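Student: Dropping the structure in here first, questions after.
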Amino acid sequence: MLVSFPGQNNMLVLRSFMILFFSCITIKINLCFPSIPSSLKTLSIDGHFDFEQVEHAAKDFGNRYSYLPLAVLYPKSVSDIATTVNHVWQIGGGSELKVAARGHGHSLQGQAQAHRGVVINMESLQGFKMQVHTGNFPYVDVSGGELWINILRESLKHGLAPKSWTDYLHLTVGGTLSNAGISGQAFRHGPQISNVYQLEVVTGKGQVVNCSEKQNSDLFYSVLGGLGQFGIITRARISLEPAHEMVKWIRMVYTDFATFTRDQEKLISGQSTFDYVEGFVIINRTGLLNNWRSSFNPQDPLQASQFKSDGRTLFCLELAKYFNHEDMVLVNQEVKTSLSQLNHIPSTLFISEVPYMEFLDRVHISEIKLRSRGLWEVPHPWLNLFIPKSKIHSFAQEVFGNILTDTSSGPILIYPVNKSKWDNRTSVVIPEEDVFYLVAFLSSAVPSSTGNDGLEQILIRNKRILDFCEIAGLGVKQYLPHFSTQGEWKSHFGPHWEAFIRRKSTYDPSAILAPGQRIFQKPIAYS
């Protein structure tokens, strides 16, 4: 059977390896379905199947593809999922019946959908209550369909919180762990997949397996970052650390890319003062600093008001320092000392102090605003890349200097992470260098637009970026990858391809087909 995993509702579930590339239009599949397998109706489960109200399961955050399933499973127990997956596996690959586990629907390329298949609604999974364990090595046990925002709320009741995050918290645990789960904390703690102690997984055969570093370790590392190819994560044990009360949130501006990256790399090396480091790019935008002044106070209001962007390409550095009220004096001194060693434009230093929860859930605030303006449920042709440190300047010169003319269609994130914080036993594919950058083009397409902010033009721009990376031999790897051919997937995995195939044949053997056939499905989620 072909198994897929939930996309984190936003920030990522499986589509086929050989999925056709439909560009520039939203696709609605309305073919005449074969008769619904009557055998599904005979399964003994605690939850239920819905064979009629399935339209919602044919939508995702990407808003570019719509594949109607035959049925949606609302499981009440892990056994419901295992029974369904095993049943489909027993039917055999000849049926082409696929299963996609859907979390909060944040996949980008229809991976949380299953055309004429079964979508498992992971958020309905019951029978397991979130449990926070305190002590010297605190952790939380959660359902694979649980949202990270709920984990934060519950763990804060115990003065604890997960170490590593995605920028957007309204995503499922299973979705982010099937990719990597990264944000500005990754330089210190690694991605979310580096902060997991144990998993419960329903494999492609419908077997329920507990796995960890010491128990069924091959499955454990296969699933982490495995794009949903080895089973469905139904439970996870997540590492926690002491939480904080407040966050000193800082932004500053650079006009020189080399200075900007040098400061970022300095901040992620050694014992950094800061807990979070991210950067972003602003091209051809005026009045940038004034846009910040509602939530950020400039260090020097007069100088800040005199700064003119004049349509230049600016590079903005965003930092955060977590603290408790009783540590205010010490933290202020540490931050002041660290900032004095950076080379930003002095008049563009903006600082704000916000509650810990408000900082971590900051993207959700933007979501609410966009939804109120009807700008959330639009096509999102995102492109996320891992770029080796040695190639980041060549990349920036061409992409930010020639290919992109503005950033009006969405934010561009750019920040470095340390490879030493990533476990090389997992399935995730990253560059070989000790430091590499995430560059994320988080575009939103304006419906019906034929201009630069329209879907067609954004897709063309994305392809130009990818073509340049390939021609220039930059060694770039896609994060939340999506490819059209087996050859592209093989190139993506590189020397890890054989290991991926071996693991796939072990945990989802009926999905291994002849070359040229529909082979794998994968998840994708925002992180």
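Student: When you scan the range 43-102 for strands (runs of 3 or more DSSP E) that lie fully inside it, which ones turn up with 3 or more residues that are surrounded by 19 or more Cβ atoms within 10 Å (Cβ to Cβ)?
Tutor: Passing ranges, in order: 71-74, 98-102.
Student: Separate question: Taking the range 326-371, which residues are closer than 20 Å to residue 241 by Cβ and assigned to a loop (DSSP other than H, G, I, E, B)?
Tutor: 361
Student: To continue, here is another question. Only one of 498, 470 is at pLDDT 85 or above, open to solvent by 30 Å² or more (accessible area, probe 1.4 Å), of a type outside the set (Lys, Arg) and more than 23 Å from residue 437 (Cα to Cα); which?
Tutor: So the residue among 498, 470 that is at pLDDT 85 or above, open to solvent by 30 Å² or more (accessible area, probe 1.4 Å), of a type outside the set (Lys, Arg) and more than 23 Å from residue 437 (Cα to Cα) is 498.
Student: I'd like the full set of residues that are among the hydrophobic types (A, V, I, L, M, F, W, C), closer than 21 Å to residue 108 by Cβ and assigned to a helix (DSSP H, G or I), limited to the range 466-499.
Tutor: Hits for the range 466-499 are 466, 469, 489, 493.
Student: Name the residue that is modelled with the highest pLDDT, counting only residues in the range 386-407 that are loosely packed, with under 14 Cβ neighbours inside 10 Å and not in a helix (DSSP H, G or I).
Tutor: So the residue we want is 405.
Student: Additional query: Could you please tell me which pairs satisfy a Cβ distance under 6 Å, a separation of 6+ or placement on different chains, a first residue in the range 445-456 that is under 19 Å from residue 383 (Cα atoms) and open to solvent by less than 80 Å² (accessible area, probe 1.4 Å), and a second residue that is among the acidic types (Asp, Glu) and part of a loop (DSSP other than H, G, I, E, B)?
Tutor: Listed by first residue and then by second, the contacts come to 446/453.
Student: Before we move on, is residue 269 open to solvent by 20 Å² or more (accessible area, probe 1.4 Å) and either within 28 Å of residue 148 (Cβ to Cβ) or part of a loop (DSSP other than H, G, I, E, B) (or both)?
Tutor: Answer is yes for this residue.
Student: Right, next: Looking at the range 418-440, which of its residues are surrounded by 19 or more Cβ atoms within 10 Å (Cβ to Cβ) and assigned to a strand (DSSP E or B)?
Tutor: 435, 436, 437, 438, 439, 440
The values are calculated or read from the model by the stated rules, or taken from the named source; none is laboratory data. No experiment lies behind these values; they were computed from the predicted model shown. Glycine gets a Cβ as well: all are built from the backbone with ideal geometry, and neighbour counts include every protein chain shown. Note: areas computed on protein heavy atoms with side chains; ligands, DNA, RNA excluded. Shrake-Rupley method; radii C 1.70, N 1.55, O 1.52, S 1.80 Å.
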